[in-house]
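K.L.:
Dropping the structure in here first, questions after.
The values are calculated or read from the model by the stated rules, or taken from the named source; none is laboratory data. Since we're looking at a predicted model, the values are computed, not measured. Cβ coordinates were reconstructed from backbone atoms using ideal geometry, including for glycine residues, and neighbour counts include every protein chain displayed. Surface accessibility is based on the protein's heavy atoms, side chains included, excluding ligands, DNA and RNA. Shrake-Rupley method; radii C 1.70, N 1.55, O 1.52, S 1.80 Å.
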Amino acid sequence: MRIARFSIDGNVAFGAVEGDKPDELVLDIIKGIPFADFELSGTKVPLSKVRLLPPVLPNKVVAFGRNYAEHARELGNEVPDAPFAFFKPSTAVIGSGDEIQYPSFTEDLHHEAELAVVIGRMCREVPRERVKDVIFGFTCANDITARDVQKREKQWARAKGFDTSCPLGPWVETDLDLETASDLTIQLTVNGEQRQLGRTSEMIHPIEDLIVNISEAMTLLPGDVILTGTPAGVGSLNVGDEVAVTIEGIGSLTNKVVKRG
């Protein structure tokens, strides 16, 4: 099931996305929230009539860096022996169709296409064999990075945590199992030109290891998001660019870059 969060007529709701053709998609509005038992209301609205929002509002976004060997090497970094985590604040999150604001403190804004894991239940110290039980679903992410700031500053808080630096969407796909999610095509285009192309099977540390690693240290809450790393091909974005992350079996996350006003 594809679960979207949206607004219509000033109201915010979750809905199940139905249909196959992009111009015929509809939302069956969900009664309640998707992290608990819920029912479909039967009230349907065309997707074209709503504004898609970030599919979840995470308490925290835990991102793992240098989890694809070719990406680590393209930036001159060593491949880490263990998962390497950092955070993006909830204020960094935007949805598909929202604008990425180019910050004034950087001159080298980069895209990074990523598979995002959405946590479905409160958990801590998750054993590897139970990881599948705490996953709600998967979505697309773009780990927008101020690359020059990242290189200049030892902490990545500003380089990767600024407002609008974490596009998520367009929805959460709940029907993917771990085995399938671990071998999906992930690609990114800028103005229709392909920049990144890889497979999630190229991860150095698989999804299970990432969740085991971070849940050893902290409690994960429903709606929290885990970013799993980016394949090679990262590069610069400019004001006016339209950037799209597409992941097999999930969908496409599209955002336009604008100058921060």
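K.L.:
On the protein heavy atoms, probe 1.4 angstrom, tell me the percent of accessible surface of region 1-42 carried by carbon and sulfur. Intermediate values should be presented prior to the final figure.
P.N.:
Working: 1200 of 2430 Å².
Carbon-and-sulfur percentage of accessible area, whole number: 50.
K.L.:
Measuring from the lowest to the highest alpha carbon on each principal axis, how far does region 117-261 reach, largest first, in angstroms?
P.N.:
44, 34, 27
K.L.:
Going out from 0 in 5 Å bins, what whole percent of all Cα-Cα distances in region 81-155 drops into each bin?
P.N.:
With 5 Å bins starting at 0, P(r) equals 3, 10, 17, 23, 18, 12, 10, 6, 1.
K.L.:
I've got another one for you. If you take the Cα Rg of the chain and divide it by 2.2 N^0.38 Å, with N the number of residues, what do you get? Numbers along the way, then the final one.
P.N.:
Details: Rg = 17.4 Å, N = 261, 2.2 N^0.38 = 18.2 Å.
Computed over Cα atoms of the chain, the ratio equals 0.96.
K.L.:
Here's something else I'd like to know. Which three numbers, in whole Å and largest first, are the semi-axes of the equivalent ellipsoid of region 1-138 derived from its Cα gyration tensor as √(5λ)? Provide the component values of the computation, followed by the final result.
P.N.:
Details: eigenvalues 200, 93, 39 Å².
Each semi-axis is the square root of five times an eigenvalue, giving 32, 22, 14 Å.
K.L.:
Taking K154 as the anchor, which aspartates and glutamates have their alpha carbon closer than 20 Å to its alpha carbon, excluding any fewer than eight residues away along the same chain?
P.N.:
E74, E78, D81, E107, D108, E112, D143, D163
K.L.:
Largest first, how would F162, F87, F105 line up by accessible area (1.4 Å probe)? Numbers along the way, then the final one.
P.N.:
Values: F162 15, F87 105, F105 60 Å².
Greatest to least solvent exposure: F87, F105, F162.
K.L.:
Tell me the Rg and the Dmax, in Å, that the Cα atoms of region 54-198 produce.
P.N.:
When restricted to Cα atoms, region 54-198 yields Rg and Dmax of 15.4, 45 Å.
K.L.:
Go through E112, E208 and list them by solvent-accessible area, largest first, probe radius 1.4 Å.
P.N.:
Numbers: E112 5, E208 35 Å².
Result of the area sort, largest leading: E208, E112.
K.L.:
Here's another thing I want to ask about it. Compute the signed sum of charges (Lys and Arg +1, Asp and Glu -1) over the other residues within less than 14 Å, Cβ to Cβ, of N59.
P.N.:
Values: positive: K60, K88, R121, R124; negative: D224.
That works out to +3.
K.L.:
Taking a 31 Å limit on the Cα-Cα distance, which of the listed pairs K60/K256; K21/K256; K21/K88 fall beyond it? Provide the component values of the computation, followed by the final result.
P.N.:
On the way: K60/K256 24 Å; K21/K256 23 Å; K21/K88 33 Å.
Where the Cα-Cα span goes over 31 Å, the pairs concerned are K21/K88.
K.L.:
Also: How much accessible area per residue does region 71-129 have, counting only protein heavy atoms and a probe of 1.4 Å, in square angstrom? Could the numbers behind the result be given before it?
P.N.:
Details: 2970 Å² over 59 residues.
Ligands and nucleic acids excluded, the result is 50 Å² per residue.
K.L.:
Here is a further query. At 1.4 Å probe size, with no ligands or nucleic acids counted, give the accessible surface of M1 in Å², nearest ten.
P.N.:
Rounded to the nearest 10, that gives 70 Å².
K.L.:
If you don't mind, there's one more thing I want to ask. What does the helix-only formula give at 222 nm for the chain: each DSSP H stretch with n ≥ 4 adding -39500 (n - 2.57), the total divided by the residues, and the result rounded to the nearest 500 deg cm²/dmol? Numbers along the way, then the final one.
P.N.:
Numbers: 6 runs with 34 residues, N = 261.
-3000 deg cm²/dmol, from helical runs alone.
K.L.:
Could you list the square roots of 5 times each eigenvalue of the Cα gyration tensor of region 172-229, that is, the equivalent ellipsoid semi-axes, sorted largest first and rounded to whole Å? Each step should come with its number before you reach the end.
P.N.:
Values: eigenvalues 122, 35, 31 Å².
Sorted largest first and rounded, they come to 25, 13, 13 Å.
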